[in-house]
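J.: Quick one: this structure, given as structure tokens, is what I'll be asking you about.
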Amino acid sequence: MGAIRTLAIGGGIGGLSLAREFIIRGLPVTVLERAPQLNPVGAGIIMNPNAMRVLEENGLADAVRQGGWPYMIRETYDRRGNLLAIRDYRPLYSGGKISIGALVHRAHLLHVLYEGLRSGVVRFGVRVRKIDLLPDEVRVETDQGEIFVADLLVGADGIHSQVRDHVFGVTEPLYMGYRSHRFVVENNLGMENFTEFLGRGKRIGLVPISKNQLYVWTTFNSPIESRELAMTSADRFREFFGEFKNERVGTAFSQLESTDGMICTDVEEIRRGGWVKERVALLGDAAHAVTPNIGQGAGMAMEDAAVLAQEVDAARDAPRQLPEALGRYVIRRRPRVENVMRLSRQVGAEGQMSNPIACWLRNHRIRRAGRDAPRMLEELERLLAYRI
Ligand SMILES: Cc1cc2nc3c(=O)[nH]c(=O)nc-3n(C[C@H](O)[C@H](O)[C@H](O)COP(=O)(O)OP(=O)(O)OC[C@H]3O[C@@H](n4cnc5c(N)ncnc54)[C@H](O)[C@@H]3O)c2cc1C
């Protein structure tokens, strides 16, 4: 029997990471991506230390760092710009306890992941029409009538996963009650640290992703049926976030001439569904979309990819043991993902508080917790020192 042939649906961060992990182990893999080319999303992304550890192991960390900005310090302020807490990662870095995090443009990250593959591994512009799970293989037919046959099918097709819906039945993402805008402006004030502002039912993050670029994210409470996400103008947008009285926010927002290019996303989760069945595995958002509050969704997809590759590699000489390998993937990943999901959800719930007294108490809690640096470092280490 030959090597295990893997077909991944979806060439986002998860699918490209999976391909990289398979290729460095000499495992055959093809990725089908429906977009005609790499999706150049106009936003930044936080590559937390655990994600950077995966990239160090698979050889792409230097390239990611070259186009990004080191993640050294996270500053948290209230909506008026009063400092609540500083999280300084440097003692953990200098002690070698965790890898140095990176703040990067998404387009740069995707480019590095893609460049890490042989040409032909990713097939762009391919839409899946039909998936057949047969006893000994998986057959996938595309809209163009092309047929792909594999031993293992990986659904890396994001939160609205077609593979997940086909294999496990339709699962609607769970809307968490808030939305997020994202865009990139010039880093006119030379900001160096991840800086966030907590308001009432709203938050703003300013994240340097290079010397000259600042990634801006917001969150805001919003009923699911609201049309508020379609901000009509830059002025309307500034007015909507008018409670944030700080020069850094003002300088970033003043650069907006229109809302063109601004991304607005519903914050949603995929919880506790199946991840594997026979010859199919899900990873990343397809399996477990996480809220963005601690910058871990892509990190989880990268960790998934590395663990899945390890388990498939271990079964490479015994393809009949693939189902057991997939079972081990779930056992290794589920507790970690569920923990991250829970933490992220909690941070989101705190951050989206809107009652003035609740916000005051929250800010007080954050200020108090910020004074206990050793405890904060311990908690960060527990989350970020994850080893595959
Ligand atoms: C507001 C916001 C901020 C975030 N910030 C961070 C952060 O700072 N750090 C972090 O680690 N994570 C962050 N995340 C999460 C992160 O973006 C996701 O977890 C990550 O992109 C998931 O990668 P994925 O490959 O699983 O899915 P996706 O990135 O969604 O990729 C799926 C791919 O599959 C393709 N596809 C879909 N259906 C099909 C099909 N039927 N056939 C072929 N191709 C298909 C899509 O075109 C896409 O390219 C954030 C998320 C949000 C919403």
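The values are calculated or read from the model by the stated rules, or taken from the named source; none is laboratory data. From a predicted model like this one, the values you see are computed outputs, not experimental measurements. We place every Cβ from the backbone using ideal geometry, glycine too, and count neighbours over all the protein chains shown. SASA here: full protein model, heavy atoms, side chains in, ligands and nucleic acids out. Shrake-Rupley method; radii C 1.70, N 1.55, O 1.52, S 1.80 Å.
So that you can scan it fast, the table gives a plain yes or no per residue for (1) within 20 Å of the chain's Cα centre (by Cα); (2) near the ligand (Cβ under 10 Å from one of its atoms); (3) surrounded by 16 or more Cβ atoms within 10 Å (Cβ to Cβ):
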{"site": "Leu7", "(1), (2), (3)": "no, no, yes"}
{"site": "Gly11", "(1), (2), (3)": "yes, yes, yes"}
{"site": "Leu18", "(1), (2), (3)": "yes, yes, yes"}
{"site": "Glu33", "(1), (2), (3)": "yes, yes, yes"}
{"site": "Asn39", "(1), (2), (3)": "yes, yes, no"}
{"site": "Arg53", "(1), (2), (3)": "yes, no, yes"}
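J.: Also, quick follow-up: State all residues of the range 90-106 that are open to solvent by less than 40 Å² (accessible area, probe 1.4 Å) and either within 11 Å of the ligand (Cβ to nearest atom) or closer than 21 Å to Ile263 by Cα (or both); if no residue qualifies, say none. Before the answer, list the steps.
T.: Restricting attention to the range 90-106, the residues satisfying the condition of being open to solvent by less than 40 Å² (accessible area, probe 1.4 Å) are 92-93, 98-99, 101-105.
Answer for the range 90-106, where residues must be open to solvent by less than 40 Å² (accessible area, probe 1.4 Å) and either within 11 Å of the ligand (Cβ to nearest atom) or closer than 21 Å to Ile263 by Cα (or both): Gly101, Ala102, Leu103, Val104, His105.
J.: Let me ask you something else. Can you tell me which residues in the range 79-89 are open to solvent by 20 Å² or more (accessible area, probe 1.4 Å) and touching a Leu at 6+ places or on another chain (Cβ under 9 Å)?
T.: Arg79, Arg87, Asp88, listed by residue number.
J.: Does Ala252 fit the bill of being more than 8 Å from the ligand (Cβ to nearest atom), open to solvent by less than 50 Å² (accessible area, probe 1.4 Å) and of a type outside the set (D, E, K, R)? Lay out the reasoning, then the answer.
T.: Values: more than 8 Å from the ligand (Cβ to nearest atom): yes; open to solvent by less than 50 Å² (accessible area, probe 1.4 Å): yes; of a type outside the set (D, E, K, R): yes.
Answer is yes for this residue.
J.: Give Arg328, Arg333, Arg279 a once-over and let me know the one that is among the basic types (Lys, Arg), over 30 Å from Leu198 (Cβ atoms) and touching a strand residue (DSSP E or B) at 6+ places or on another chain (Cβ under 8 Å).
T.: Arg279
J.: From the list Asn50, Asn58, which one is within 27 Å of Val128 (Cβ to Cβ) and of a type outside the set (A, V, I, L, M, F, W, C)?
T.: Checking each option against the conditions leaves just Asn58.
J.: Could you tell me which residue of the range 320-332 is nearest to Ala281 (Cα to Cα), considering only residues that are modelled with pLDDT of 90 or more and open to solvent by 30 Å² or more (accessible area, probe 1.4 Å)?
T.: Pro323
J.: For the range 56-108, which positions are hydroxyl-bearing (Ser, Thr, Tyr) and closer than 18 Å to Ser210 by Cβ?
T.: The answer is Tyr71, and nothing else.
J.: Looking for something within 13 Å of the ligand (Cβ to nearest atom), open to solvent by 20 Å² or more (accessible area, probe 1.4 Å), on the phi < 0 side of the Ramachandran plot and modelled with pLDDT of 95 or more - is there at least one such residue anywhere in the range 187-203? So that I can check it myself, show each step before the final result.
T.: Restricting attention to the range 187-203, the residues satisfying the condition of being within 13 Å of the ligand (Cβ to nearest atom) are 194, 196, 203.
After this cut, where a residue has to be open to solvent by 20 Å² or more (accessible area, probe 1.4 Å) as well, the list is none.
No.
J.: Right, Asp165: open to solvent by 40 Å² or more (accessible area, probe 1.4 Å) and more than 16 Å from the ligand (Cβ to nearest atom) or not?
T.: no
J.: Another question, then. Looking only at strands (runs of 3 or more DSSP E) that lie completely in the range 86-183, which have at least 2 residues being closer than 27 Å to Arg5 by Cβ and in contact with a strand residue (DSSP E or B) (Cβ under 9 Å, 6 or more places away or on another chain)?
T.: Per the criteria, 128-133, 138-142, 147-150, 152-155.
J.: Could you list, in sequence order, the residues of the range 326-364 that are among the basic types (Lys, Arg) and in contact with a helix residue (DSSP H, G or I) (Cβ under 6 Å, 6 or more places away or on another chain)?
T.: Arg328, Arg332, Arg333, Arg362, listed by residue number.
J.: So which residues in the range 269-291 are surrounded by 19 or more Cβ atoms within 10 Å (Cβ to Cβ) and more than 7 Å from the ligand (Cβ to nearest atom)?
T.: Passing the criteria: Glu269, Ile270, Trp275, Val276, Arg279, Val280, Ala281, Leu282, Ala287, His288, Thr291.
Residues are listed down the side, and each one gets a yes or a no for (1) exposed (fewer than 14 other Cβ atoms within 10 Å of the Cβ); (2) within 13 Å of the ligand (Cβ to nearest atom):
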| site | (1), (2) |
| --- | --- |
| Asn293 | no, yes |
| Ala298 | no, yes |
| Ala318 | yes, no |
| Val337 | no, yes |
| Val340 | no, yes |
| Ala349 | no, no |
| Ser354 | yes, no |
| Pro374 | yes, no |
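J.: In addition: Where the second residue is β-branched (Val, Ile, Thr) and open to solvent by less than 30 Å² (accessible area, probe 1.4 Å) and the first is in contact (Cβ under 8 Å) with a residue 40 or more places away in the chain and assigned to a loop (DSSP other than H, G, I, E, B) and lies in the range 314-330, which pairs have Cβ atoms under 8 Å and are six or more apart or on separate chains?
T.: Here the result reads Ala315/Ile4; Arg316/Ile4, each pair linking the range 314-330 to a residue that is β-branched (Val, Ile, Thr) and open to solvent by less than 30 Å² (accessible area, probe 1.4 Å).
J.: Moving on to the next point. With the range 196-309 as the region, which strands (runs of 3 or more DSSP E) entirely inside it contain at least 3 residues that are β-branched (Val, Ile, Thr)? Break it down stepwise before answering.
T.: On the way: elements: 202-208, 213-221, 263-269, 280-282.
Output list reads 213-221, 263-269.
J.: Given the condition more than 14 Å from the chain's Cα centre (by Cα) and under 24 Å from Asp136 (Cα atoms), answer yes or no: does some residue in the range 299-307 qualify?
T.: Yes, because at least one residue in the range 299-307 is more than 14 Å from the chain's Cα centre (by Cα) and under 24 Å from Asp136 (Cα atoms).
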